[in-house]
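A.B. asks: Before anything else, here's the structure in question.
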Amino acid sequence: MTTTPFEDLFSGMPRIDREWEARKQRLMALTAAQRVAAMRAGELSYRELCHWSAVRPDEVPIVSTGSGVGGGEFEWIAAFTPEIAEAADPVQEPLTLDAAAIERGERIRAHAQATRPRPRARAAAAARGR
């Protein structure tokens, strides 16, 4: 007599994802600080973040989005909003040129203007070529 796995006997019933169950166990075995560190390091999947937020919402860091509605948004969600993402980007200092760079640019511009054919010269050259 052969044995048939339970999932094969009742194919209409939802299957147990043993890998996901193990991942949830490992996630919940971490301390709150370890979960926050893993989240900020990008080591948690979207599914793990959702599970953590659903099971222990008081542990997930909250960021104020400035809307005034509610207490804010989970940090891992707010990180993808433009307001928070732009605030996290470093501000680039405006480009400043020293005197040598300005002088070099002026020389390049003067050379380009001197070697550029003039409109009258092009018309005269075209007339001679006919």
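A.B. asks: Using the Cβ atoms and a cut-off under 11 Å, what net charge is assigned to the surroundings of residue 29, where Lys and Arg are +1 and Asp and Glu are -1? Write down the numbers at each step before the final one.
C.D. replies: Working: positive: 23, 24, 26, 35; negative: none.
Net charge around residue 29: +4.
A.B. asks: Next up: Give me 76, 52 ranked fewest to most by other Cβ atoms within 10 Å of their Cβ, as a rough exposure proxy. The partial results should precede the final answer.
C.D. replies: Working: 76 20, 52 24.
Ranking 76, 52 by Cβ neighbours within 10 Å, fewest first, gives 76, 52.
Values in this text are rule-based calculations from the coordinates and carry no lab data. Since we're looking at a predicted model, the values are computed, not measured. In this analysis, Cβ positions are derived from the backbone assuming ideal geometry, glycine residues included, and neighbour counts consider all displayed protein chains.
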